[in-house]
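This report concerns only the one structure given below.
The values are calculated or read from the model by the stated rules, or taken from the named source; none is laboratory data. Keep in mind the model is a prediction, meaning the values are calculated, not measured. Because the Cβ atoms are built from the backbone with ideal geometry, glycine has one as well, and the counts that use them run over all protein chains shown.
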Amino acid sequence: MQRFCLFLLIFAITSGSFSQELSTGSNRAARFFRSGLQQYDLLNYQEALDLFKRAISADRNFHEAYLLAGDVCFDMGEYRKAAGFFEDAVSLDPDFYPLAWLNLGNSWMAVGEYEDARNSFIVLSSHPGVSERYHRLADRKIKNCDFAINAMENPVPFDPVSIGPAINTGDDEYWPTVTADEQTMIFTRQIKRNPAGRRFPGNLREDFYVSYNINGEWSVARNIGPPLNSELNEGAPSVTADGRLIFFTACNREDGLGSCDIYFAERQGDRWGEPVNLGSPVNTASWEAQPSVSPDGKVLYFASNRQGGQGKMDIWYSQIASDGNWGDPVNLGEIINTDGNEMSPFIHPDNRTLYFSSDGHTGMGGYDLFVTRRNDDGEWGKPENLGYPLNTHHDEIGLIVNARGDRGYFASDRLTGEVRDIYSFELHETVRPMEVSYMKGTVYDASTRRRLYASFELIDLLTAETVIQSWSDPVTGEFLVPIATGRDYALNVSGSGYLFYSDHFSLSGFAHQTDPFLKDVPLHPIKEGEKTILRNIFFEFDSYELLPESIVELEKLVEFLNNNPEIRVRINGHTDNIGDPKYNMELSERRTESVAEYLSGSGIDMKRIGYAGFGETMPIADNDTEEGRAENRRTEFEIIGIEY
C-alpha cells in the first residue's frame, strides 16, 4: 500500500511539467527534486534521499520533497525518519496530498507507536479528499491499532530462548521443522558461496542443515548435503512426524513450473533420495511455497498466489489419492484467507490445529501469527491472534509447535537486531493444540530379528477413521507414529509374508498423556502354529456380544484372510481365572464363535475358520494382578493350515 500511494504521487507529479505541477517556485529546488526522482527510479535510495533533502533546504515549503523523502525512508526501513517527513508534509498543508495521512499512520505503526498511528488513520477515515476505498482501509487500520493497544496492555506469557550456538551462528538460520519426538531438527541456513567474500545476494545460498537432540542438547548442526542441497536455494522444509518424508520450496529450477515450486524427497536409513517436483496440479506457473505436511503425510498445506484465491497470497491444501497422486488443491476459504496475504501454514501433529501468518486479519500491523482449529465436521474455526509480545509491529512469519503442544519454535532477528536465529518458547495455554504423544520403536522378524519394512495404521476405534498411515524404514525398521490424546486407538502393523500385529491405546480418559510409548514390534512369519493376539476385539461385560469398537480389528482380519487365501485359521478365546472354570470355558467358546460368524458374514469360507475356547487354562501373565488378568483375557487367531 505504501508503494501504491507513492506511485499515485509520482504519477501526479510527472504527468505534467514540473514548473506547472510542483508546489515550489524555486528552480533550484525543482532540479534537486527531479534528480532525486531519477535516483529513486534506479533504487539508489540514499542518493535520492540526499537530493530530496537538498530540495527541502532550497524551499522549506516544498510539499512533494517532504513526501518523497518520507517514502524513501520508509523503503529503507527508517520508519521514524519517514514519520518525521510525513509529519512535516501534513503540517504544511493537511489537504495537499490526503494519502500522506495513510503513509504517516503506516510509519508510526511500523515502529509500534499505535496511538500516533491511530490519530493519523482517524483523519484519513473521514477526509473528503479520498475515495470510500481509503475510508474503509483507514477503518481497518484503526481496528488494528485498537487491537494492538489492548494487546500491549494485556500481554501473554512469552519468554523466547535461543536454541543455542550448536544451531545459531553468525549466518541466518530460519524455517525450522522437527520430528514428533523432537529428536531431529532440520532448518534453513543462509551461507556464503565464497566464504572469503562479503555478504551480498549473489554470494548467498540457502541450504538445509540438521541437528539431533542428544541428552537434552542439540548437536552441532551439519550440512545435509546432496541430493537435498544443491548449488541453488532450498528452503522452508517440512517433515512428516517420523522424519522420513521432507517437503520443501525450491525456486527457478530447470524442472520448475513457476517461480517457486514444492518438492519432496524420501529418506531410507540415513540417506535421502533425489528430490522430486510435486508437479501439477500442486505446482503451477504461479508461486507455490512454504509447505506443511500433515502427520500422516496425506495432506499438504502450502501458500500460493494462484488464481481462484481470496486475496493476494492464500493458504491451500491438497490430498494424496490412493494411487499416490496429489489431488487438485482446495482453498481454505474465507474463514482463514482474506483479501490480504496468508502464509507459512503449519499443521500440528494433532492434525486439526493450524498456525499461520497473515496481514489481512486484525493484528499488530504487518504479519501476525494466528491459530485456527478444525472441528469434528471438518470446518475451521475463526482464527485467533497469538497475542503480544509474540506478535509485534514487526513481521512474524513462520511458527512450528512441538507434538506435546507446549513449546513453539520460530526464527527472528528482532531480539539481536542482526542475523536471524532460531528460538524456542513455552506456548501459552489458550493457543495450544491438542497434546500428542507418539509410539516409537523397531519392526523386526520374530524368528531371525531381521529389520522389516512394514505399514502402520492408527485407527480411531469410535469412528473407524484411519488417523495415521505410515511405514517403517526399509533399512532400519524404525518407526515413529504420533498419537493424539483423548481417543481410543487400534494400531495395526502389517508386513508382506507376516501375520499382522495388533495393539490398543486407550487415551480417552487422559487429558495429559504425552509420555511416549517405546515399543519394538515383532512380526511372526505366516507358518503353521503361529499366533497373533487380537487386542482390539471387545465384548460386552460377561457376554459374547461384540462391541462396535471391534469392527476395526475384525475388518483387518477379513482383509488379511482375503489377501492370504491359502491359509486356514482358528480363533482362540481365553479368560482370566475369576469365576467358575466351566463358565469361563463356555464364555470363551461362545466369544470365538461370535468372531467366526462375523468372518463368515463378511465372505470368508467357514471351511477356513475354526474356533475354540480355552477358558482360563492357558494364561500368559500372572492372574494375581489386574494387569495380568487383563493380558489373559484375550482373543487370538492361529494358523492351523497352509495349502500350497
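Here are a few things to note about the model shown:
- Region 549-584 - residue that is without any contact (Cβ under 8 Å) to a residue 12 or more places away in the chain and under 39 Å from the mean Cα position of the chain (by Cα) and, of those, nearest to residue 594 (Cα to Cα): 559
Listed here are the residues, each with its yes/no results for (1) assigned to a strand (DSSP E or B); (2) out of contact with any helix residue (DSSP H, G or I) (no Cβ under 6 Å at 6 or more places or on another chain); (3) more than 28 Å from residue 248 (Cβ to Cβ).
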position: 142; (1), (2), (3): no, no, yes
position: 150; (1), (2), (3): no, yes, yes
position: 165; (1), (2), (3): no, yes, no
position: 168; (1), (2), (3): no, yes, no
position: 185; (1), (2), (3): yes, yes, no
position: 195; (1), (2), (3): no, yes, no
position: 207; (1), (2), (3): yes, yes, no
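- Just one of the listed residues (65, 89, 83) is in the same structural domain as residue 142 (by TED's automatic domain parsing), over 24 Å from residue 395 (Cα atoms), touching a Leu at 6+ places or on another chain (Cβ under 7 Å) and buried (at least 23 other Cβ atoms within 10 Å of the Cβ), namely 89.
This table checks each residue for (1) in contact (Cβ under 8 Å) with a residue 24 or more places away in the chain; (2) part of a strand (DSSP E or B); (3) within 26 Å of residue 591 (Cα to Cα).
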residue	(1), (2), (3)
482	yes, yes, no
489	yes, yes, yes
527	yes, no, yes
542	yes, no, yes
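- Listed by position, the strands (runs of 3 or more DSSP E) contained in region 396-456 that have at least 3 residues being over 30 Å from residue 496 (Cβ atoms) are 399-401, 407-412, 421-426.
- Test: residue in region 503-517 that is among the charged types (D, E, K, R), more than 19 Å from residue 573 (Cα to Cα) and in contact with a Gly (Cβ under 8 Å, 6 or more places away or on another chain): no
One line per residue, one yes/no per condition, for (1) buried (at least 21 other Cβ atoms within 10 Å of the Cβ); (2) without any contact (Cβ under 8 Å) to a residue 12 or more places away in the chain:
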| position | (1), (2) |
| --- | --- |
| 380 | no, no |
| 384 | no, no |
| 389 | no, no |
| 399 | yes, no |
| 402 | yes, no |
| 406 | no, no |
| 419 | no, no |
| 429 | no, yes |
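- For region 305-349, residues that are assigned to a strand (DSSP E or B) and of a type in the set (Val, Ile, Thr) total 4.
- Filter result for residue 119 (polar (S, T, N, Q), farther than 24 Å from residue 410 by Cα, surrounded by 20 or more Cβ atoms within 10 Å (Cβ to Cβ) and modelled with pLDDT of 95 or more): no
- Considering region 1-82, the qualifying helices (runs of 4 or more DSSP H), each wholly inside and each with 2 or more residues that are at pLDDT 95 or above and out of contact with any Pro (no Cβ under 8 Å at 6 or more places or on another chain), run over 27-41, 45-58, 63-75.
- Residue in region 338-351 that is on the phi > 0 side of the Ramachandran plot and among the hydroxyl-bearing types (Ser, Thr, Tyr) present: yes
- Options 220, 161; residue that is surrounded by fewer than 21 Cβ atoms within 10 Å (Cβ to Cβ) and modelled with pLDDT of 95 or more: 220
- Of residues in region 624-635 being under 23 Å from residue 595 (Cβ atoms) and either touching a Gly at 6+ places or on another chain (Cβ under 8 Å) or not acidic (Asp, Glu) (or both), the one surrounded by the fewest Cβ atoms within 10 Å (Cβ to Cβ): 630
- Selection from region 500-525 of residues that are surrounded by fewer than 17 Cβ atoms within 10 Å (Cβ to Cβ) and modelled with pLDDT of 90 or more: 520, 522, 525
- Residue that is farthest from the chain's Cα centre (by Cα) [pool: residues in region 590-626 that are more than 19 Å from residue 539 (Cβ to Cβ), in a helix (DSSP H, G or I) and free of Cβ contacts under 8 Å to residues at least 40 places away in the same chain]: 607
- Test: residue in region 101-111 that is under 25 Å from residue 25 (Cα atoms) and surrounded by 20 or more Cβ atoms within 10 Å (Cβ to Cβ): yes
- For residue 531, the requirement of being surrounded by fewer than 19 Cβ atoms within 10 Å (Cβ to Cβ), under 21 Å from residue 587 (Cβ atoms) and of a type outside the set (Asp, Glu) is met.
- Matching entry among 362, 284, 353 (being crowded, with 20+ Cβ neighbours inside 10 Å and touching a Lys or Arg at 6+ places or on another chain (Cβ under 7 Å)): 353
- Extreme residue, modelled with the highest pLDDT, among residues of region 442-459 that are within 27 Å of the chain's Cα centre (by Cα) and farther than 11 Å from residue 476 by Cβ: 454
- Within region 24-44, being buried (at least 17 other Cβ atoms within 10 Å of the Cβ) and of a type in the set (Ser, Thr, Tyr) holds for 24, 35, 40.
- Test: residue 412 is closer than 28 Å to residue 150 by Cβ and surrounded by fewer than 20 Cβ atoms within 10 Å (Cβ to Cβ): yes
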